[in-house]
Ligand SMILES: Cc1ncc(COP(=O)(O)O)c(C=O)c1O
């Protein structure tokens with residue numbers, strides 16, 4: 001259970017946590033059309049709170065709305081502002097932000113173009129997404145029997161509510177089988193990503209991740225890690241690969257706002273490298289934490305002070 005906070009932002013104004021309610025005929029609840037984001041704010045080494053890459057997250061939120069052809073009734077700037085306001089009002093110096101743009105109640109049936117488009121933002125405290133120890137020791141993963149969305153069936157570049165049934169099925173399957181996380185392939189057998197995170201491998205000193213043309217979400221953490229790797233002089237390839245290259249990787253890790261940079265120590269009961277976080281993973285994890293909450297101020301454009 002997440003810890004209740006004081007306020008939630010609904011359609012342009014703050015309301016009390018318990019008053020943020022919707023009707024059971026909310027269209028998105030029935031059919032899953034809606035956009036959402038996951039954003040983290042951190043307290044930095046200098047004691048100030050900053051939201052990490054807020055503009056990029058809100059851009060993806062509005063891009064997702066464009067992909068699914070819904071028109072938010074709130075502006076980009078309003079949502080940006082509201083994220084900071086929500087943290088301040090709740091007295092959160094660190095936390096996770098969840099903006100959701102969804103189709104409200106009115107008409108039913110899949111074609112309901114005139115239902116109101118509603119926006120809410122919730123903030124809460126959230127620790128290590130894959131559990132204590134995951135960031136230090138790495139996680140055990142399983143290749144899912146579920147295949148990642150095909151771009152002719154869904155919109156992998158959108159963070160679309162209904163698409164997450166695919167992630168939930170994969171995650172449940174992995175957890176039921178005793179693993180921490182699922183890895184999804186595409187219909188051709190190329191490695192895509194985890195249920196809610198992008199994936200990287202390291203082979204002979206080169207960092208490799210599936211390209212944006214793959215059926216993956218264009219992760220903001222993925223982009224951050226690619227930039228930090230390039231700045232550190234680590235060779236980088238964005239290239240498709242199948243599960244055999246993943247099994248034979250020297251290192252592997254997940255990236256995501258929720259998982260941050262989490263090492264993968266096992267895939268399908270095969271150890272990755274030495275079965276513990278490798279040196280490039282550890283280096284990039286440290287650089288990531290320095291950028292989001294440490295003293296690395298070399299990317300001021302990534303930080304929105306609260
Ligand atoms: C399916 C999926 N892939 C990747 C990611 C990582 O994206 P980001 O780094 O922007 O959080 C997420 C999380 O939003 C996700 O849901």
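The values are calculated or read from the model by the stated rules, or taken from the named source; none is laboratory data. All of these numbers come straight from a predicted model, not from anything done at the bench. No Cβ is skipped: glycine too gets one built from the backbone with ideal geometry, and neighbour counts run over all protein chains shown.
What to note about this one:
Residue by residue, here is whether (1) within 15 Å of the ligand (Cβ to nearest atom); (2) out of contact with any helix residue (DSSP H, G or I) (no Cβ under 7 Å at 6 or more places or on another chain); (3) not assigned by TED's automatic domain parsing to the domain that holds residue 68 holds:
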residue	(1), (2), (3)
140	no, yes, yes
143	no, no, yes
154	yes, no, yes
158	yes, no, yes
163	yes, yes, yes
177	no, yes, yes
181	yes, no, yes
196	yes, no, yes
199	yes, yes, yes
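- Every residue from the stretch 183-192 that is buried (at least 16 other Cβ atoms within 10 Å of the Cβ) and more than 14 Å from the ligand (Cβ to nearest atom): 190
- Of the residues contained in the stretch 74-86, none is found to be modelled with pLDDT under 95 and assigned to a loop (DSSP other than H, G, I, E, B).
- Residue within the stretch 227-239 that is within 21 Å of residue 37 (Cβ to Cβ), modelled with pLDDT of 95 or more and under 20 Å from the mean Cα position of the chain (by Cα) present: yes
- Single residue of 51, 68 found to be surrounded by 15 or more Cβ atoms within 10 Å (Cβ to Cβ) and more than 20 Å from residue 94 (Cβ to Cβ): 68
- The C-beta contact set for the stretch 217-235 (first residue farther than 20 Å from residue 258 by Cβ, second residue in a helix (DSSP H, G or I) and away from the ligand (no atom under 16 Å from the Cβ), distance under 7 angstrom, 6+ apart or interchain) comprises 232/283; 234/280.
- Single match in 208, 216 (criterion: within 9 Å of the ligand (Cβ to nearest atom), surrounded by 21 or more Cβ atoms within 10 Å (Cβ to Cβ) and either within 23 Å of residue 68 (Cα to Cα) or over 15 Å from the mean Cα position of the chain (by Cα) (or both)): 216
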